[in-house]
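Undergrad: One structure is given below, represented as structure tokens, and several questions about it will come after.
The values are calculated or read from the model by the stated rules, or taken from the named source; none is laboratory data. Bear in mind that the values here come from a model prediction, so they are computed numbers and not experimental data. Virtual Cβ from ideal backbone geometry, glycine too; neighbours counted across all protein chains shown. For the accessible areas, the whole protein counts, side chains as well, though only heavy atoms, and no ligand, DNA or RNA atoms are used. Shrake-Rupley method; radii C 1.70, N 1.55, O 1.52, S 1.80 Å.
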Amino acid sequence: MDKITQFADVLRESNNIVFFGGAGVSTASGIPDFRSSDGLYSKKLNKNFSPEEAVSHTFFVRYPEEFYDFYKKNLVYPDAKPNACHTALAELEQMGKLKAVVTQNIDGLHQAAGSKTVYELHGSVLRNYCMSCHTFFDADYILESESVPKCSECGGVVKPDVVLYEEGLDDYTVTSAIKAINNADTLIIGGTSLAVYPAAGLIDYFRGKHLVLINKTVTRADERADIVIHDSIDKVFTEAMKLM
């Protein structure tokens, strides 16, 4: 039996699926992993910064103009649309099989596809808030702002509701994700190399029956998985859903 058929069988027999996804889920929607960018060269500072440095809390505080320059070009994709993976997960939720999506992505595409229970470990570019009065703003407000976005109510600096490097994850989101993974009968890990902690450590809470891993490259959890498919995740879900 080929692996796609095996995967479809697992989907058919499972009633408490949790999906844990990373950047590879969004690449089929035209959103590259920001860590693959060249980073940022600042003429003003006459320095090069790595992608990780450019989206760190320290960088945001010290060099907000440079931060937003990198952020707008590399992390916000307003025209991106959900792909076959996003829509398949929303369908599985409607069927009562999938109970939660846990994502490291910040693009909001799972919700755009119709998923209701989504735990965004790293926040979302679609939400932005004033650091002074906590008024919320959408992504367009950020994109249309010149230089550093300022609050229309009080003039405070507007920050993306995104977890930057050096910042901690939201407790409620992490606790909810752990609970969902702990209760799942099937955990599907997709489009992530499982290299970014603490998010990658969440899979250690899985106690269920089937662990499925879909990623283009080898990950540290391949040995633990029942089914390992090294292919693009949108293609895998498209084929598996046809067999459902």
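Undergrad: How do the pairs read when you match residues in segment 6-26 that are part of a strand (DSSP E or B) with residues anywhere that are β-branched (V, I, T), using Cβ under 6 Å and keeping only pairs 6 or more apart or on different chains?
TA: Hits for this filter: I17/T186; V18/I181; F19/V101; F19/I188; F20/V102; F20/I189; G21/T103.
Undergrad: Another question about this same structure. Taking the conditions exactly as written (out of contact with any Gly (no Cβ under 7 Å at 6 or more places or on another chain), under 16 Å from A8 (Cα atoms) and not in a helix (DSSP H, G or I)), does L211 satisfy them or not?
TA: yes
Undergrad: Within segment 35-83, count every residue that is closer than 16 Å to V148 by Cα, among the charged types (D, E, K, R) and open to solvent by 50 Å² or more (accessible area, probe 1.4 Å).
TA: Qualifying residue count, segment 35-83: 5.
Undergrad: Return yes when N128 is assigned to a loop (DSSP other than H, G, I, E, B) and open to solvent by less than 30 Å² (accessible area, probe 1.4 Å) and no when it is not.
TA: Here the answer is no, as N128 does not meet what is asked.
Undergrad: Something else: Please tell me if K179 is modelled with pLDDT of 95 or more, open to solvent by 70 Å² or more (accessible area, probe 1.4 Å) and either part of a loop (DSSP other than H, G, I, E, B) or in contact with a helix residue (DSSP H, G or I) (Cβ under 7 Å, 6 or more places away or on another chain) (or both). Steps first, please.
TA: Values: modelled with pLDDT of 95 or more: yes; open to solvent by 70 Å² or more (accessible area, probe 1.4 Å): yes; either part of a loop (DSSP other than H, G, I, E, B) or in contact with a helix residue (DSSP H, G or I) (Cβ under 7 Å, 6 or more places away or on another chain) (or both): no.
Considered against the rule, which asks whether it is modelled with pLDDT of 95 or more, open to solvent by 70 Å² or more (accessible area, probe 1.4 Å) and either part of a loop (DSSP other than H, G, I, E, B) or in contact with a helix residue (DSSP H, G or I) (Cβ under 7 Å, 6 or more places away or on another chain) (or both), K179 comes out as no.
Undergrad: Another question about this same structure. Of the numbered conditions (1) part of a loop (DSSP other than H, G, I, E, B); (2) open to solvent by less than 40 Å² (accessible area, probe 1.4 Å); (3) out of contact with any helix residue (DSSP H, G or I) (no Cβ under 7 Å at 6 or more places or on another chain), D107 satisfies every one except a single condition; which is it?
TA: (3)
Undergrad: Only residues in segment 111-135 that are touching a residue at least 40 places away in the same chain (Cβ under 8 Å) and more than 18 Å from P78 (Cα to Cα) count as the first member; pair them with residues that are charged (D, E, K, R) and assigned to a loop (DSSP other than H, G, I, E, B), Cβ under 9 angstrom, at least 6 apart or cross-chain, and list the lot.
TA: As it stands, the answer is L121/D170, since those pairs meet every condition given.
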